[in-house]
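The values are calculated or read from the model by the stated rules, or taken from the named source; none is laboratory data. Just so we're clear, the structure is a prediction, and the values are computed from it rather than from any experiment. Neighbour counts run over all protein chains shown; Cβ positions are idealised from the backbone, glycine included. To get the accessible areas, we keep the full protein, side chains included, count just its heavy atoms, and leave off ligands, DNA and RNA. Shrake-Rupley method; radii C 1.70, N 1.55, O 1.52, S 1.80 Å.
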Amino acid sequence: AISGELGWTRKSFLIASATVALIADAIGLLVAAIVVNGISISIVGFIVAVIVFAVVDLLVQPLFRQVAFKQAPALIGSSALVATIVSFVVTATFTDGLSVSGTTAWFLGPLVVWAVAMLAQFLLPVVIFKKTLARARAERG
């Protein structure tokens, strides 16, 4: 595991993972607001919207993954998309930071957030922890 390779404790690895997920969700929400008509993010409410979105996603995704694992294993891969849809709806409904209007925006918004956040979660660790990874590789070999 990466955490072992870097000499990180479990706690520091979880904090780093949560930070990457939070940044990835923020990027996903921003991209959705830019590319999907009918989605807007207020500057003041953006931080609250990102935190609500990330917390809901963090709580809901393991639940959906567990249900899919028990009930329909073929759906395990879609659990992240379903969690993103739920997080998107909750954030838009209960915060002033994310506004969504129109059927197309409600349909495309979560898809864009999911795709961008997933890509960001793969790329951000390389960017953010580049020096740490390089140091760990140098120490190993």
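Observations
- Sorting Arg65, Arg135 by solvent-accessible area of protein heavy atoms yields Arg135, Arg65, largest first, with a 1.4 Å probe.
- Residue-normalised accessible area of the chain, given per residue in Å² at a 1.4 Å probe: 62 Å²
- Only protein atoms count toward the accessible area here, which uses a 1.4 Å probe; on segment 25-65, the carbon and sulfur part of that area reaches 79 percent.
- Think of each Lys and Arg Cβ as +1 and each Asp and Glu Cβ as -1; about the Cα centre, that makes the dipole of the chain roughly 580 debye.
- Scaled against the 2.2 N^0.38 Å expected of a compact globular protein of N residues, the Cα radius of gyration of segment 32-96 reads 1.26.
- Helical segments meeting 30 Å axial Cα length and Kyte-Doolittle -0.5 threshold in the chain (DSSP H): 10-35, 46-71, 103-128
- The orientation-averaged projection of the convex hull spanning the C-alpha atoms of segment 79-141 amounts to 5.9 square nanometres.
- Two-decimal log10 I(q)/I(0) for the chain, as the Debye equation yields it once each C-alpha is a single scatterer, q = 0.09, 0.10, 0.21 Å⁻¹: -0.32, -0.39, -1.21
- Estimated from helices alone, the mean residue ellipticity of the chain at 222 nm is -26500 deg cm²/dmol (sum of -39500 (n - 2.57) over DSSP H runs with n ≥ 4, per residue).
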